[in-house]
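The values are calculated or read from the model by the stated rules, or taken from the named source; none is laboratory data. This one's a predicted model, so the numbers in the text were calculated from it and none came from an experiment. Here the Cβ positions follow ideal geometry from the backbone for every residue, glycine too, while neighbour counts run over all protein chains shown.
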Amino acid sequence: MTNNNIYFVANWKMFGDVKSVNSLNRVIKLTKSKKYKNIKIIYCPPYTLLDRLVGKTKNYNIDIGGQDCHFDMNSGAFTGSISSTQIKKLGCKFVILGHSEKRNEGDTNFIINKKIKSALNSKLNVIFCIGETKQEKKRNKTFEVLKKQIFECLKNIKIKNNLLIAYEPVWSIGTGNVLYHDDLRIVVNKLKNIVKKKYNKHIKILYGGSVNTKNISELKKVNNIDGFLIGNASRNVNKFIDIIKKSSN
Ligand code: PEP
């Protein structure tokens, strides 16, 4: 990963079919423009589309990532799972780990730690998601929770430029509620300081949670953010492009 990019991660979740692949044509065109040379677009489709999207984007400045991987990087009897090695061998460069939707399905910090180790061993870059729930925020536990997620999930891991953090408040994902302005700036600053102090490393922080064409102009004013993880709005190519253009103005 280079260091001066603004990231736009498209998390398609469990949506999309072969027809969705063509929606990348306009995004590919956008990446050819000099105006957008500092943006890094990463598509994270369902596993069924990884291969096609890798093929579609291989000559362009777009990377592809998985939405999860198993903690064992080797092949094994893990029905329904995919390994970091398999994702890497397809030509993907990234994997999302620690997403709250996977935590809801049972991923603990301990498991996420093992998954991150597996992904890094497979030479994938990791988009590591953290975030507090509504109740935790109400009880003023935000930083306690975020610190715990960072320390436990990154235990015994040497952070290099191969990991970025996506701060995604759980109460914000898919709800239309967003953290703005100084409230967001403060969290992002604190997270950067926590990582710097503990790992002596400057880390990139993305924001995720209901980013859309209407709120992006306000969100982009938070100038310590290094990019965005976009769920629902990333599946509509017009909206996705609009978000990128508005962030780059
Ligand atoms: C996400 O899936 O990580 C996400 C941020 O989703 P949405 O943009 O739909 O809130």
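With respect to the conditions (1) at pLDDT 95 or above; (2) more than 16 Å from the ligand (Cβ to nearest atom); (3) not small (Gly, Ala, Ser); (4) not in a helix (DSSP H, G or I), residue 41 falls short on a single one, namely (2). Checking residue 204 against (1) basic (Lys, Arg); (2) touching a strand residue (DSSP E or B) at 6+ places or on another chain (Cβ under 8 Å); (3) over 25 Å from residue 245 (Cβ atoms), only one condition comes out false. Which one? (3) is the only condition that residue 204 fails. Taking into account only those residues within region 91-110 that are more than 16 Å from the ligand (Cβ to nearest atom) and not hydroxyl-bearing (Ser, Thr, Tyr), which is surrounded by the most Cβ atoms within 10 Å (Cβ to Cβ)? Within region 91-110, the match that is surrounded by the most Cβ atoms within 10 Å (Cβ to Cβ) is 92. Within region 152-204, the residues that satisfy the criterion of being among the polar types (S, T, N, Q) and either in a loop (DSSP other than H, G, I, E, B) or closer than 19 Å to residue 125 by Cα (or both) are 156, 161, 162, 172, 175, 177, 200.
From the list 210, 234, the lone residue that is under 24 Å from residue 21 (Cβ atoms) and touching a residue at least 12 places away in the same chain (Cβ under 8 Å) is 234. Please indicate, with yes or no, whether at least one residue in region 114-124 is crowded, with 18+ Cβ neighbours inside 10 Å, within 16 Å of the ligand (Cβ to nearest atom) and either within 21 Å of residue 193 (Cα to Cα) or without any contact (Cβ under 8 Å) to a residue 60 or more places away in the chain (or both). Among the residues of region 114-124, not one is crowded, with 18+ Cβ neighbours inside 10 Å, within 16 Å of the ligand (Cβ to nearest atom) and either within 21 Å of residue 193 (Cα to Cα) or without any contact (Cβ under 8 Å) to a residue 60 or more places away in the chain (or both), which makes the answer no. In region 205-238, of all residues being in a helix (DSSP H, G or I) and aliphatic (A, V, I, L, M), the one that is surrounded by the fewest Cβ atoms within 10 Å (Cβ to Cβ) corresponds to 237. For region 186-195, state whether one or more residues are modelled with pLDDT of 95 or more, more than 16 Å from the ligand (Cβ to nearest atom), touching a His at 6+ places or on another chain (Cβ under 9 Å) and over 16 Å from residue 97 (Cα atoms). For region 186-195, residues modelled with pLDDT of 95 or more, more than 16 Å from the ligand (Cβ to nearest atom), touching a His at 6+ places or on another chain (Cβ under 9 Å) and over 16 Å from residue 97 (Cα atoms): present. Here residue 241 meets each of (1) more than 15 Å from the chain's Cα centre (by Cα); (2) part of a loop (DSSP other than H, G, I, E, B); (3) away from the ligand (no atom under 15 Å from the Cβ) with one exception, condition (2). Within region 1-38, the set of residues being part of a helix (DSSP H, G or I) and either touching a His at 6+ places or on another chain (Cβ under 9 Å) or exposed (fewer than 14 other Cβ atoms within 10 Å of the Cβ) (or both) comprises 18, 19, 22, 25, 26, 29, 34, 35. Given (1) in a helix (DSSP H, G or I); (2) loosely packed, with under 14 Cβ neighbours inside 10 Å, where does residue 77 come up short, assuming only one miss? Every listed condition holds for residue 77 apart from (1). Can you tell me which residue is surrounded by the most Cβ atoms within 10 Å (Cβ to Cβ) among those in region 125-177 that are free of Cβ contacts under 8 Å to residues at least 60 places away in the same chain and within 11 Å of the ligand (Cβ to nearest atom)? If we take residues in region 125-177 being free of Cβ contacts under 8 Å to residues at least 60 places away in the same chain and within 11 Å of the ligand (Cβ to nearest atom), then 169 is surrounded by the most Cβ atoms within 10 Å (Cβ to Cβ).
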